[in-house]
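The values are calculated or read from the model by the stated rules, or taken from the named source; none is laboratory data. Computed from a predicted model, the values in this text were never measured in an experiment. We place every Cβ from the backbone using ideal geometry, glycine too, and count neighbours over all the protein chains shown.
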């Protein structure tokens, strides 16, 4: 039993290191987006395999523990939640890479023909990720629920970006349609990043409450 | 033991019914896209909760079986794979809803200002979903691997759509930028749908081989 709890602690540490790494990448890509920094963006893309490898290791570890120790109730729920949170973290990593690719593509144009300040949207998404991981560490329902509400705000900004960019293209603000489409896609990637943070928060609620709160049941 | 195998059979039936329902929705949205049929699209959106409910039921059932019967090795791997495939099927349902929403939005314009034939891309994505589910039923590695290859073709078409639409907007083919952006987003939704089918195929490979093949390890 002692051995089992040591294994659970190890898993907790592993998922939190992955969380910390993914958070770092989100911060980096946010900064790269603000600075239109293709070099940093390329580095982010280059190091994505680290996240991928950690995800595979964590899943294998969880399965090993379930098979060896046959946990039940809260422990089993925790391990299944970790498998799913692990998956969401890896997919947040994919969204970071998607954003980085857009930055590389946009940086080919020397002077930005149009600027949209993603700071507010990216800050909210980053806060959602941080709070979802905090709620996991502290098993804190309040934090988890805050994440679910923030998601609506991110969606709202995404819709605003859409209108802004559509109007700018229609008004012929710039001839570079590719650039504008990249801007639009970035807002979609940030939104999906926030969606994965929401999934993590939902998993935490499930872990604490033992009830599945997906599909807006909580609202 | 007999009881346990009956439970596994039940889970298999549940996940295949969900798969069949999701396949049906994919076919419906494909047709609605071709016909620009907002009425069918609205119906698809309206009935998404059926998929959501089935997902929740399947996950609860899997957890119950793991907790009660403490399966190991192949049986445990099967149940964990079902939990993940379940999740991917539900997200395919979300992509179908996203496409349906685009159709509703585009149908507000009486005469399509620009046509893109999504049949090839949608057919491939649909085939991927079908083959990934077949590979699950038959535990067939070949089918699963075919899905992974088809995914590259879908990505290629997505990139072609991007260039086509970007050029059409730049050439002023239509003043309706919103319509064009919707077309572009549809190609992204189909691509994500195909991504989830790829995840399912990867899970099947994992189930059969006992090795995680994510992140292009197979290629």
Could you check how many residues of the stretch A:30-76 are within 14 Å of chain B (Cβ to nearest Cβ), within 21 Å of the chain's Cα centre (by Cα) and not in a helix (DSSP H, G or I)?
-> 1
Just one of (1) more than 11 Å from every other protein chain (Cβ to nearest Cβ); (2) touching a residue at least 24 places away in the same chain (Cβ under 8 Å) trips up residue B:138, so point out which.
-> (2)
Quickly run through the stretch B:77-104 and pick out the residues that are more than 11 Å from chain A (Cβ to nearest Cβ) and either over 19 Å from residue B:203 (Cα atoms) or over 16 Å from the mean Cα position of the chain (by Cα) (or both).
-> B:78, B:95, B:96, B:97, B:99, B:100, B:101, B:102, B:103, B:104
Exclusive hit being out of contact with any helix residue (DSSP H, G or I) (no Cβ under 6 Å at 6 or more places or on another chain) and buried (at least 20 other Cβ atoms within 10 Å of the Cβ), set A:44, A:80 | A:80
Taking the stretch A:116-156, which residues are in a helix (DSSP H, G or I) and more than 25 Å from residue A:204 (Cα to Cα)?
-> A:119, A:120
Check on residue A:113, more than 22 Å from residue A:183 (Cα to Cα) and part of a loop (DSSP other than H, G, I, E, B) | no
(1) out of contact with any helix residue (DSSP H, G or I) (no Cβ under 6 Å at 6 or more places or on another chain); (2) surrounded by 15 or more Cβ atoms within 10 Å (Cβ to Cβ); (3) without any contact (Cβ under 8 Å) to a residue 40 or more places away in the chain: which one isn't true of residue A:195, the others all being true?
-> (3)
Within the stretch A:171-190, can one find any residue that is surrounded by fewer than 19 Cβ atoms within 10 Å (Cβ to Cβ), without any contact (Cβ under 8 Å) to a residue 12 or more places away in the chain and within 16 Å of residue A:122 (Cα to Cα)?
-> no
Just to be sure, is residue A:206 in a helix (DSSP H, G or I) and over 19 Å from the mean Cα position of the chain (by Cα)?
-> no
Filtering the stretch B:169-191 down to residues that are more than 9 Å from every other protein chain (Cβ to nearest Cβ) and closer than 16 Å to residue B:97 by Cα yields B:182, B:183, B:186, B:187, B:189, B:190, B:191
Selected residue [surrounded by fewer than 20 Cβ atoms within 10 Å (Cβ to Cβ), at pLDDT below 95, more than 30 Å from residue B:80 (Cα to Cα) and under 21 Å from the mean Cα position of the chain (by Cα)] from A:119, A:112 | A:119
Hey, residue B:161 over 23 Å from the mean Cα position of the chain (by Cα) and within 28 Å of residue A:167 (Cα to Cα) or not = no
What's the number of the condition residue A:159 fails, among (1) within 13 Å of another protein chain (Cβ to nearest Cβ); (2) not in a helix (DSSP H, G or I)?
-> (2)
If residue B:167 satisfies every condition in (1) part of a helix (DSSP H, G or I); (2) touching a helix residue (DSSP H, G or I) at 6+ places or on another chain (Cβ under 7 Å) but one, which is the exception?
-> (2)
The stretch A:122-139, residues that are more than 18 Å from residue A:88 (Cβ to Cβ) and at pLDDT below 95 = A:138
